[in-house]
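Notes follow the structure.
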Amino acid sequence: MSLALLADLAQILAEAFLEPDADLKEGLGQLLDSGPSPALAAPLARMQAQALAPEDQPVEYARLFLHAKDTDIVHLFESVQARGHHMAPEILDPLKAIYDGADLGLQEDLGIPPDHLGLEFACLSYLLGQAIEGDPAERPQFVDLAQRLLREHLRPFVAAVAGQLPQVQAHPYYLAASELASALLPETEKALAEF
């Protein structure tokens with residue numbers, strides 16, 4: 001599996017988990033057409049088939065991740081998942097070291113902590129892109145940063161979110177996004193080990 005395709009998949013997951021009204025149907029179709037492995041194609045196809053109507057998607061996003069009425073909120077912040085509260089230094093400091101190692105800075109006006117699942121997938125996409133297209137002398141550094149992000153942050157974080165979404169009767173679109181995220185991590189680890 002090519003790192004370029006894995007980077008594109010990480011980017012579409014970043015948008016799915018970060019932007020409540022992201023219209024990803026066309027991008028999902030293009031990714032399906034690019035020949036992903038069966039483990040990735042199945043959840044990708046379900047995401048595309050189960051896409052919510054533009055007026056319904058932000059409502060479901062809010063219900064799941066922002067203000068649930070009748071169920072628990074599925075928190076998209078690694079600190080909350082791992083430590084039970086926002087901005088946990090033991091999560092943010094190692095994550096910031098990865099962002100700094102990649103020379104990535106968050107926009108000051110973004111208003112979203114750096115341990116948001118969407119931002120971590122955006123970081124992974126960037127790291128994979130740099131491993132492919134960046135300065136050849138810096139490629140091993142980007143591979144190492146991507147492996148650390150996967151191992152220390154995304155693996156436990158994605159597992160926690162994936163375990164919670166079925167419990168809150170998430171829409172099939174978000175269940176498929178979670179399945180895609182879970183399938184993407186081992187595929188990416190394998191591709192990086194072979195890079």
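The values are calculated or read from the model by the stated rules, or taken from the named source; none is laboratory data. Every value quoted in this text rests on a predicted model; they were computed, and no experiment measured them. A quick note on method: Cβ atoms are made from the backbone with ideal geometry, for glycine too, and the neighbour counts reach across all protein chains shown. These area figures cover heavy atoms from the full protein model, side chains too; ligands, DNA and RNA do not enter into them. Shrake-Rupley method; radii C 1.70, N 1.55, O 1.52, S 1.80 Å.
What to note about this one:
- Residues that are among the small types (Gly, Ala, Ser) and either more than 16 Å from HIS171 (Cα to Cα) or surrounded by fewer than 17 Cβ atoms within 10 Å (Cβ to Cβ) (or both), drawn from the range 17-31: GLY27, GLY29
- The set of residues in the range 64-76 being surrounded by 10 or more Cβ atoms within 10 Å (Cβ to Cβ) and out of contact with any His (no Cβ under 6 Å at 6 or more places or on another chain) consists of LEU64, PHE65, LEU66, ALA68, THR71, ASP72, ILE73, VAL74, HIS75.
- Set MET1, MET87: member being of a type in the set (A, V, I, L, M, F, W, C), under 16 Å from LEU184 (Cβ atoms), open to solvent by 50 Å² or more (accessible area, probe 1.4 Å) and in a loop (DSSP other than H, G, I, E, B): MET1
- In the range 12-43, the residues that are touching a Gly at 6+ places or on another chain (Cβ under 9 Å) and either more than 16 Å from PRO54 (Cβ to Cβ) or not in a helix (DSSP H, G or I) (or both): ILE12, LEU13, ALA14, PHE17, LEU18, GLU19, ALA41
- Considering residues of the range 112-127 that are in a loop (DSSP other than H, G, I, E, B) and not β-branched (Val, Ile, Thr) only, the residue least open to solvent (accessible area, probe 1.4 Å): ASP115
Every residue, every condition in (1) over 21 Å from PRO43 (Cα atoms); (2) in a helix (DSSP H, G or I), yes or no:
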| position | (1), (2) |
| --- | --- |
| LEU104 | yes, no |
| GLY129 | yes, yes |
| VAL143 | yes, yes |
| ARG155 | no, yes |
| VAL158 | no, yes |
| TYR173 | no, yes |
| ALA181 | no, yes |
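- Taking each residue of the range 113-139 that is over 19 Å from LEU185 (Cβ atoms) and among the polar types (S, T, N, Q) and looking for partners that are open to solvent by 50 Å² or more (accessible area, probe 1.4 Å) and modelled with pLDDT of 95 or more with beta-carbon atoms closer than 7 Å, six or more apart or interchain, yields nothing.
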